[in-house]
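Read the structure below first, then the notes.
Nothing in this text is a laboratory measurement; each read-out follows from the coordinates by a stated rule. None of the values given here were measured: they were computed from a predicted structure. Here the Cβ is made from the backbone with ideal geometry for all residues, glycine too, and neighbour counts use every protein chain on show.
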Amino acid sequence: MGVYTCVQRGARSRFGRRLLGVAAGAAVVVVPAIVSPALASAAGGVTGYQIVHGDATTVMAGQSVAANATCRSGKVVTSGGVVSHSPLTFISSSYPLNSKTWRVVVTDTGTQTYPESFTPYTVCVNPSSVPGYHIVRTGQLPVGPNTYYGPNLAIGDSYCGAQEVVIGGGVQDHNTSSLLTITRPTTDDRAWEVEVHLTTPPLSGADYYEVSSVCIPSADLTSYSLDDNPGSYGTSLTQAMPSNTAGSGYCAAGTLAVAGGATNHDQQNGFISSISPATGGQYWLATDTDISPPSYGESFDVTAVCVTGTT
């Protein structure tokens with residue numbers, strides 16, 4: 001198995017444009033990528049598309065619980081996430097543990113007096129249909145009182161290499177009180193981007209998170225349709241507090257959603273509680289919760305990353 005290296009880039013805006021500044025205390029680091037050997041041509045698009053669910057997992061009020069979903073033998077992950085049964089639980093981590101397994105950490109807000117549950121999942125495909133497949137991880141990125149986007153808010157990107165595209169990604173947060181407010185591909189299709197909100201900073205004032213991207217060479221996409229489709233759901237979050245709502249990003253006919261994301265526009269009060277592909281792989285669903293919705297309403301968008309393929 002070979003090893004690539006990737007230089008972690010500076011911060012990006014939430015609209016995908018490069019920023020010249022970086023977060024205070026951030027450093028340019030060289031990080032390893034998990035790489036699998038180059039495989040056969042993907043002329044037919046992705047094959048063997050499958051959504052695999054892990055076990056339904058209980059989380060008690062105020063708890064943080066980890067769970068995994070693992071692809072069957074002979075397949076690799078493109079993405080993963082959580083089907084949550086309560087909008088009052090939030091995703092603090094969701095990332096590829098390795099090429100076979102997706103890990104999530106779900107935290108309950110502590111406002112419920114009874115157990116809740118969630119189900120991890122991962123999207124799997126045949127490795128022969130994603131030649132050059134590998135996972136790129138950043139080093140530890142800071143989030144704390146002095147980070148670029150405001151106190152305890154930080155955005156980080158994990159960039160694929162030159163001439164590569166991203167087909168999935170996620171975040172591993174070292175503080176289970178951190179809310180995931182943005183998870184999505186960048187507008188240039190070359191990186192996965194997340195935003196985290198550290199709600200309970202440690203005594204040191206800062207904590208750390210890592211971003212992962214699932215990458216393949218862009219040359220392998222000659223017969224794919226890679227499209228980032230923002231959901232058209234600008235949804236009001238002005239109901240009785242806390243409020244929650246769901247939206248979808250759709251893939252065109254003949255394509256499958258290999259990954260999905262969401263953008264929360266109220267980073268101080270909102271979080272993503274559930275994000276998952278619908279049965280059949282045609283579109284992505286996300287549930288967003290706002291614990292203090294403004295009187296004028298708020299919104300969030302859902303993104304689906306679509307490629308041609310077969311189940």
| query | Taking Rh as the Kirkwood radius computed over C-alpha pairs, what is the Stokes-Einstein D of segment 130-211 at 4 °C in a medium of viscosity 1.567 mPa s, expressed in µm² per second? | reply | 98
| said: Could you compute how fast segment 65-215 diffuses translationally, taking Rh as the Kirkwood radius over C-alpha pairs and applying Stokes-Einstein at 20 °C with viscosity 1.002 mPa s? Give it in µm² per second. | reply: 135
| Within-11-Å neighbourhood charge of Thr183 [Cβ basis; K, R +1; D, E -1] | -1
| request: Provide, as a two-decimal number, the C-alpha radius of gyration of segment 43-132 over 2.2 N^0.38 Å, N being how many residues it has. | output: 1.22
| Sum of side-chain charges, Gln172 neighbourhood, beta-carbon under 14 Å (Lys, Arg +1; Asp, Glu -1) | -1
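When the Kirkwood hydrodynamic radius is evaluated over all pairs of different C-alpha atoms of segment 272-311, what value in angstrom, to one decimal, is obtained?
Over segment 272-311, the inverse of the mean reciprocal pair distance is 12.4 Å.
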| In segment 95-146, what is the volume of the convex hull around the alpha carbon atoms, normalised per residue and reported in Å³? | 123
| Highest to lowest packing among 150-160, 188-198, scored as the average C-beta count within 10 Å | 188-198, 150-160
